[in-house]
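*Asks:* Sharing a structure here in structure tokens format.
Read-outs throughout are calculated quantities, based only on the coordinates presented, and are distinct from any laboratory measurement. What you see is a predicted model; the values in this text were computed from it and never measured. Cβ placement follows ideal geometry from the backbone for every residue including glycine, while neighbour counts extend to all protein chains displayed.
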């Protein structure tokens, strides 16, 4: 046998072994359904007595109207800014059958300078805190942070979480062309991880004009942006390094659940061996996903196969989605044959309470949150030992 033939053959065997090792580390997962009738009955009763929790509901603070007025516009991402007031907000909760909303103020598709964006964050967060105090139990809030300005964002996160007692923070999926796993944002991730913060990731809207795709930005680019952001958090190692952060992806994670197996093939790529160390699907299943504008049968079928029901949170996107649409989402969730009545009830309320227990009723039970661990010492050692072999296999394939 010629030396080169032997070396290439050995390389192929090594590559196959490494590939098999990676694939075995992430076996097909069977989703376990809750078959406890008593637990289902309790979840259903909790929704009937205490109401739905909406984790994706927006406010329009005065600072937002002022910022848009300075730009001579009344629209965000091509959507007309709705008429909104604290009074109409509470009325909409009543009309939609929502007891509590965890709100957010977002500025998709708008470029804002550092000083102006920092001022917007502080003003909208103080406004949200005031509303939450005035309407205790009906409203919580995700604090707005002025990304991509990391130093300012860190300062605002500390103020919002430690002083204003925000329920979490809202971050745009992409900021000035950078996703959240960018090294530029590592200091912010550290601050959020130290506080075991809940981070609601909302899509931004990079223009589709350069692609020649003239569709409404919220129709295509929202799910695309969320998909890229979720994958970026996984493949950059952000979820591994900052494992105490709880991530909520808006709009059911965009297209990410649908392409989950395809993106998990990154497990076989040497460049991700030291970042997505526990396997792509392991991290993907850690995301919480809201149901805003995502309760179609194809979407629910994909979610049912991929994630535990306790990873789903009810969301509406009101007021940018209509109240009628929000009410229809509740009906579709309850009527769906994809979920048991108890699972649907937990999506409506119980799952959110695990993240936001301050909104529970005095006698209401709350399920404990799972603990997400970093890569084990044994797996890390194995990975380091195999690293030279992976490199050799990669070079031989090239």
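*Asks:* For the residues 202, 190, 144, 135, what sequence is obtained by ranking on other C-beta atoms within 10 Å, fewest first?
*Replies:* Working: 202 27, 190 13, 144 30, 135 16.
Sorted ascending by nearby Cβ count, the order is 190, 135, 202, 144.
*Asks:* Now for a separate question. Sorted by average packing, counted as other Cβ atoms within 10 angstrom per residue and highest first, what order do 85-93, 308-316 take? Could the numbers behind the result be given before it?
*Replies:* Details: 85-93: 15.4, 308-316: 23.8.
Descending mean neighbour count gives 308-316, 85-93.
*Asks:* So for the pair residue 338, residue 219, with labels modelled 7 Å out along Cα→Cβ, what separation do we get in nm?
*Replies:* 2.2 nm
*Asks:* Taking every pair of distinct Cα atoms and averaging 1/r, then inverting, what Kirkwood hydrodynamic radius in Å comes out for segment 49-366?
*Replies:* Hydrodynamic radius (Kirkwood, Cα only) of segment 49-366 equals 19.7 Å.
*Asks:* Could you give the spread of the C-alpha atoms of segment 262-376 along their three principal axes, from largest to smallest, in whole angstroms?
*Replies:* 48, 35, 28
*Asks:* State, to one decimal in nm, how far the label point of residue 361 lies from the label point of residue 65, with both points 7 Å from Cα in the Cβ direction.
*Replies:* For residue 361 paired with residue 65, the spin-label model returns 3.6 nm.
*Asks:* Continuing with this model, one more query. What order do you get for 45-52, 277-284 when each peptide is scored by the mean count of other beta carbon atoms within 10 Å, highest first?
*Replies:* Details: 45-52: 17.5, 277-284: 21.5.
Going from most to least packed, we get 277-284, 45-52.
*Asks:* I want to check the label-to-label distance for residue 371 and residue 39. Put each point 7 Å from Cα in the C-beta direction and report it in nm to one decimal.
*Replies:* If labels sit at residue 371 and residue 39, their model points lie 1.9 nm apart.
*Asks:* For segment 53-113, what is the per residue volume of the convex hull drawn over the alpha-carbon atoms, in cubic angstrom? Present the calculation step by step, with values, prior to reporting the outcome.
*Replies:* On the way: hull volume 5.6 nm³, N = 61.
Considering the Cα atoms of segment 53-113, their hull volume per residue is 92 Å³.
*Asks:* Using a Förster distance of 35 angstrom, determine the FRET efficiency expected from the C-beta separation of residue 73 and residue 261, and round it to 0.05.
*Replies:* Working from the Cβ atoms, E equals 0.25.
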